[in-house]
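The values are calculated or read from the model by the stated rules, or taken from the named source; none is laboratory data. Just so you know, these numbers come straight off a predicted model, no measurement behind them. Positions of Cβ are backbone-derived with ideal geometry, glycine not excepted, and every protein chain shown enters the neighbour counts.
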Amino acid sequence: MNALTLSVVLSLVSAVLYAGGAIWQEQVARDNPDRPYAPMRSPGWWGAITLNGLGALLHVVALAFGPLSLVQPLGALTIVFVLPMAAILVHRKAGAAAWRGAVLATIGLAGLLALTGSADSRSLGSVERLALALSTVGAIVVVVAVAQTAQRHPAVRSVLLATAAGVAFGMASVFTKTVAVDVSAHAAVDQLPSLAAIGVFATAGVLLSQASYRGAGLTAPLATVTVVNPVAAAAVGLTMFGETFRYGWAGTGLALGCGALAAVGLVLLTTERLGRDAKPKVPAPGGGAEFPGPPAGGLPSPKGPDPEERGAVLRSLPPAAAARQPSLPVRHAAPAKVVFNARHSRAEIRS
């Protein structure tokens with residue numbers, strides 16, 4: 001097996017491990033709603049952290065054997081792998097909108113990463129690192145604060161927290177690159193602040209990504225983190241490391257189109273989750289699955305003739321005609337209710 005094939009295999013295994021870790025994180029979020037950030041007492045959370053750590057390790061090894069333009073786009077396949085894996089492992093099937101969103105986000109991200117060129121390895125000065133760290137922390141704090149105001153919209157809150165997590169992971173990658181360049185250039189002194197920044201951003205990314213899975217499903221948070229992470233790192237590379245897009249202005253235009261395609265995919269994933277949250281649910285007897293409930297405002301109650309309306313009609317008739325009108329009884333039907341039909345496994349409306 002040559003180096004290129006090995007890098008492809010390692011990248012694919014890394015993507016599968018990332019997908020497995022995301023599925024496990026979402027399950028932990030469902031089982032521990034009172035600990036949204038770090039459910040350390042849950043063995044599943046540590047299992048998810050282990051899978052994500054192994055995925056990151058294999059990704060780094062794949063970069064050592066293959067080119068960045070190949071390994072990074074293959075990492076975007078995590079979004080596609082997670083859908084069939086979730087259907088098999090936790091019996092959660094994705095809808096057509098989720099599949100379309102995942103495919104569009106993956107294609108857009110893969111194209112964007114493939115078009116990002118590389119430049120000569122260079123590091124950042126102390127002032128640049130401090131400015132980057134402070135601006136990143138400020139941006140993350142603002143996004144998290146906005147997410148806290150969207151508690152009534154779990155999908156929106158999830159995407160905002162996942163965006164903050166992706167930015168944190170991306171900045172951890174940026175500082176890792178600066179440290180690696182300094183070490184290779186035999187300038188390993190005074191690296192403690194950068195190492196501390198890597199630890200802080202990586203930890204923040206783990207905690208925020210875990211919180212993003214609470215009440216928002218699996219695909220939207222994972223896709224957001226997967227897209228925002230390399231995009232944030234690429235933005236720093238383009239502005240501070242002198243990196244450019246391949247093929248000049250044509251490549252820049254294609255990259256912008258790929259970014260728009262990835263954004264459309266994220267919107268589809270988010271709106272698909274918003275559509276699920278908007279449907280009212282009626283719990284089935286015995287704690288089973290939930291079913292769509294009645295429309296907002298309740299069901300109309302059937303009723304008989306209104307006595308006041310009947311009296312007004314009689315008063316408008318001539319006396320002789322009104323005397324010939326029979327006295328009709330007024331009947332009020334029982335209010336309609338939603339019951340569970342065990343034979344057909346569905347909810348029914350009965351009066």
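What the table below lists for this structure:
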| quantity | calculated |
| --- | --- |
| Single residue of Val82, Val71 found to be buried (at least 19 other Cβ atoms within 10 Å of the Cβ), modelled with pLDDT under 80 and assigned to a helix (DSSP H, G or I) | Val71 |
| Region 239-267, residues that are closer than 21 Å to Asp182 by Cβ and in a helix (DSSP H, G or I) | Thr239, Met240 |
| Residues of region 139-172 classified as touching a residue at least 40 places away in the same chain (Cβ under 8 Å) and not in a helix (DSSP H, G or I), total | 1 |
| Subset of region 129-138 (residues that are of a type in the set (S, T, N, Q) and either outside any helix (DSSP H, G or I) or surrounded by 15 or more Cβ atoms within 10 Å (Cβ to Cβ) (or both)) | Thr136 |
| Any hit, region 178-191, residues being in a helix (DSSP H, G or I) and modelled with pLDDT of 85 or more | no |
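Let's see how each residue does on (1) without any contact (Cβ under 8 Å) to a residue 24 or more places away in the chain; (2) under 17 Å from the mean Cα position of the chain (by Cα); (3) buried (at least 24 other Cβ atoms within 10 Å of the Cβ):
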site	(1), (2), (3)
Thr176	yes, no, no
Val179	yes, no, no
Ala202	no, no, no
Thr219	no, yes, yes
Ala223	no, yes, yes
Ala234	no, no, no
Arg246	no, no, no
Gly251	no, no, no
